[in-house]
1. Quick one: C:Ala137 ticks every box in (1) modelled with pLDDT under 95; (2) surrounded by 24 or more Cβ atoms within 10 Å (Cβ to Cβ) bar one, so which box is it?
2. Residues that are without any contact (Cβ under 8 Å) to a residue 40 or more places away in the chain, more than 30 Å from B:Ser326 (Cα to Cα) and within 12 Å of another protein chain (Cβ to nearest Cβ): list the helices (runs of 4 or more DSSP H) wholly contained in segment A:44-147 that include at least 1 such residues.
3. Quick one: B:His40 ticks every box in (1) within 14 Å of chain A (Cβ to nearest Cβ); (2) over 27 Å from C:Met64 (Cβ atoms); (3) in contact (Cβ under 8 Å) with a residue 40 or more places away in the chain except a single one, so which number is it?
4. In this structure, is C:Val57 of a type outside the set (Phe, Trp, Tyr) and in contact with an Asp or Glu (Cβ under 9 Å, 6 or more places away or on another chain)?
5. Against the condition under 30 Å from B:Asn334 (Cα atoms), surrounded by fewer than 22 Cβ atoms within 10 Å (Cβ to Cβ) and modelled with pLDDT of 95 or more, how does A:Gly193 come out, does it pass?
6. For segment B:220-247, give me each residue that is modelled with pLDDT under 95, within 21 Å of the chain's Cα centre (by Cα) and not charged (D, E, K, R).
7. If you go through segment B:148-161 one residue at a time, how many are surrounded by fewer than 21 Cβ atoms within 10 Å (Cβ to Cβ), of a type in the set (A, V, I, L, M, F, W, C) and within 13 Å of another protein chain (Cβ to nearest Cβ)?
8. Does segment B:206-216 contain at least one residue that is within 19 Å of the chain's Cα centre (by Cα), in contact (Cβ under 8 Å) with a residue 40 or more places away in the chain, over 25 Å from B:Gly189 (Cβ atoms) and surrounded by fewer than 22 Cβ atoms within 10 Å (Cβ to Cβ)?
Amino acid sequence: MSAETGRAAAASSVTPTPSTAAEVPAVDAPPSSQPVGWHHRHLLDVDALTRADLDLVMGTTDAMREVLARPIPKVPALRGTNVTILFYEASTRTRVSFEVAAKNLSCDVVNIAAASSSVSKGESLVDTVRTIEALGADMLVMRHGVSGAPYLAAEVFGGSVLNGGDGWHAHPSQALLDLYTLRSRLPGGSLEGRKVVILGDVLHSRVARSNIWTLTAMGADLWLCAPSTLLRGFEAWARRGAAGRRFTVTSDIDAALAGADVVMALRIQKERMASGLLPSLREYAARYGLTRERLLAAKPDVIVMHPGPMNEGVEIAADVAVDPRSVITAQVSNGVAVRMALLYLLAGTHGRETGA
Amino acid sequence: MSAETGRAAAASSVTPTPSTAAEVPAVDAPPSSQPVGWHHRHLLDVDALTRADLDLVMGTTDAMREVLARPIPKVPALRGTNVTILFYEASTRTRVSFEVAAKNLSCDVVNIAAASSSVSKGESLVDTVRTIEALGADMLVMRHGVSGAPYLAAEVFGGSVLNGGDGWHAHPSQALLDLYTLRSRLPGGSLEGRKVVILGDVLHSRVARSNIWTLTAMGADLWLCAPSTLLRGFEAWARRGAAGRRFTVTSDIDAALAGADVVMALRIQKERMASGLLPSLREYAARYGLTRERLLAAKPDVIVMHPGPMNEGVEIAADVAVDPRSVITAQVSNGVAVRMALLYLLAGTHGRETGA
Amino acid sequence: MSAETGRAAAASSVTPTPSTAAEVPAVDAPPSSQPVGWHHRHLLDVDALTRADLDLVMGTTDAMREVLARPIPKVPALRGTNVTILFYEASTRTRVSFEVAAKNLSCDVVNIAAASSSVSKGESLVDTVRTIEALGADMLVMRHGVSGAPYLAAEVFGGSVLNGGDGWHAHPSQALLDLYTLRSRLPGGSLEGRKVVILGDVLHSRVARSNIWTLTAMGADLWLCAPSTLLRGFEAWARRGAAGRRFTVTSDIDAALAGADVVMALRIQKERMASGLLPSLREYAARYGLTRERLLAAKPDVIVMHPGPMNEGVEIAADVAVDPRSVITAQVSNGVAVRMALLYLLAGTHGRETGA
């Protein structure tokens, strides 16, 4: 597999909407008290979002960051809104990020860890979701090991479903916080033509799948880099491509990192070893681990990202993780602001007629 | 065992109290600010409740449903009240229902899942309850695998104990939400003379035991229907009966369903198979599963209930669960209102001299 | 080992600071709105606290007890402050005590039980702490099985770290609530010259280690009593001593209890049996269990303490636990007030330049 495999056509066909098109709501007040130009009841994946939608999320996130900078980082905007967080997989950062975001908007939050609830008694997902709605939930944040589970939930849930990660499929709030972080850090705030490398276990990564969509939509020159066993299917995706999106798939880390503006390392899940998809962790680290030495090939002001949790010394060296060029901590804190924006915008669709 | 086994005398001896007797409190205000005609400090089972008590719970639940219909479904009535939810068994709906109910009344809520707490270190229940009180709990909602555990807790706890389910013994808030749901749905709001069938694993069901009490107290013509291995002891109970209560025990599902006004299916716990009390699930479903075909024997406007979580295709067919005659979702949402009423009424006894 | 082994010199060198030196803040108002004479950003152990610090904690706890006695036991002092409780070990009383304390100060609380979070995916403690800070935590309460873990956390956390127990090392909030309880109960409120016996598994006890520090600092005549296998290393500590601290180590329970003003029994962890450090529980109970009979050797108004959870019938007899001389329940309720004081005082250092 060469560095050029699957290279899609060069020019981006996405016409940037002027950012004035997306008028940012006054986030101290409830969304119901003002016109908000948002029409998606659920957030299941990023692929349904238009450029104007993305701009509105980004602008609303700016407003939420202003809230977070206050001595008391809270607004009463969603008081009385019940947010239920139903996680079928272990999580710290995504679960807590949504919880803090919801509380900052004055929501009431209910946590359900499926493993320790009666969900373990074998109730179907559909019945669980109907029950959660009947218990008063207005918004349901869910993580599930099966790709597509949140779509099923959205079919029966009367409020808003926010996908907190489903199988290998999608992790839309992560892609949006990554986008927000990049726009904040890149000179000019634009991804247009920037070389962005996603490095690591793309195959099992919902983070990668959602990021592929948003990054190429914003005009980035996207590269996926991993051992070929972890890139299966992506070559075809890249060749097929969306019209005008730049998308390269390679196992050649030198080609990938050369002149990169951004490198996002992905978590290697140790259980992949057993499946034969990967040699030893040591070998993986030697060939694909993101080290300071390897970063010399990238632009001097390259931006280093990681969705966490990190295996330091495997997919990323400990010194790279805390390098001044790393924005890993900013990703986490922007995550709270992005999720506040998402909860706010989605809540605005309740009681209005909208599609999913 | 024939359909007539254990049939108790026909006429109900319960004289309905005029509902004006139970004056509903103004639930926006704290119970301490007004006279509330409620005298039970704890809710351990329904058998201590008089007809006037039941009417007061129903009326207060009406008021709570009005609160739930508001844009912000909350009242400040119990601000500063600490509700601790101590569950020794897994649960979603009951635990979350109490949590949402308490938050809607502006309580502070503490969750303790006993399995993952130091309760697992072998501390006695009595010490755990004393500790929870010393930590500031005003109200203790508990679920425990051992019948009677909440009675032990109530002996040492200075506030109110609410039984969220104890062993096979009782599940009083479930019986009260079932009663509320039936009164809302039955023409005239009365159970008097209505044929109510509880179908399924009665033997292991605290839901059945608590419902038997309230339903017969309200004058229903109650039938229990299950394989005879799951009815042990109930025949004697029915024969002994309470004076004037109608109570039939049978394994004949056709006799049970004939002309029924209400059918409540109970969850089959799969672990019962191992104990030899039941043949295969497939056989159980074939003989006692609630299907549309079987429902033809009931009244055309029969009401279908289930306490959840359901094993669809076993004790209840999937299409019956979502049939327009099913009130399963209403049971869940009424559960929040009933628990708000219970927390409110019980909190009103604090600082007043009352019995348990 | 004789009763006199390791007896340190008699006179206390600690000069009591007049309690007026520690001016108690007005706890209804935020600490940022007034001068507060507290300079420790973290609470990692009690050994860094001066006599004036201890007096300020005690005085602030008095103020918090006054808050707890109100009909609504809450103050808005720390509204908008995010307290994250990260526990790597099971706990009820310490975890809930901090949670209730934080909510009484109007903090937002996030619970993370490490076992069920992605912390289990192998993320390093340092990365977890950085993530928690980026998620918005102002204060981090943590319990960890490894001694020293909170010190590592404090090196990277921008807010305040409160040690909720680390390995065998320290449990500072427990020692402070024990101190507060003793000052409330001892005539004159002084520990000066009082014989205080810590009885039981000292070796594995972080409670003992933190209490040794505060009790001797306040001038108590401290005795540790246990089978010699559970006293390893403490003899040397006692001999070495701090100048002027009274500190006796013995296996002779009769010598220890003779004339005692205070006896604090420690929990025997049953897993110690396997390690060979202890004979059977029955033998331990017979030789070192705190019974009414044994208490006859102590002062008539001896104060009985236990940090909980108790193994009744092992290290303490059930009737002793509920004896009028037992302050075990008072320890738990004082714990909430002490932790309110600690959260309040530590929060006051944010935004000011202070050392750890």
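The values are calculated or read from the model by the stated rules, or taken from the named source; none is laboratory data. Predicted model only: the values in this text are computed from it and were never measured. Counting neighbours? That spans all protein chains shown, and the Cβs are built from the backbone with ideal geometry, glycine included.
1. C:Ala137 satisfies every listed condition except (1).
2. Working: elements: A:51-68, A:93-104, A:125-134.
By residue number, A:93-104.
3. (1)
4. On the way: of a type outside the set (Phe, Trp, Tyr): yes; in contact with an Asp or Glu (Cβ under 9 Å, 6 or more places away or on another chain): no.
No; evaluated as a whole, the condition is false for this residue.
5. Numbers: under 30 Å from B:Asn334 (Cα atoms): no; surrounded by fewer than 22 Cβ atoms within 10 Å (Cβ to Cβ): yes; modelled with pLDDT of 95 or more: yes.
So A:Gly193 fails the test.
6. Answer for segment B:220-247, where residues must be modelled with pLDDT under 95, within 21 Å of the chain's Cα centre (by Cα) and not charged (D, E, K, R): B:Leu230, B:Leu231, B:Gly233, B:Phe234, B:Trp237, B:Ala238, B:Gly241, B:Ala242, B:Phe247.
7. 1
8. No; the residues of segment B:206-216 include none that is within 19 Å of the chain's Cα centre (by Cα), in contact (Cβ under 8 Å) with a residue 40 or more places away in the chain, over 25 Å from B:Gly189 (Cβ atoms) and surrounded by fewer than 22 Cβ atoms within 10 Å (Cβ to Cβ).
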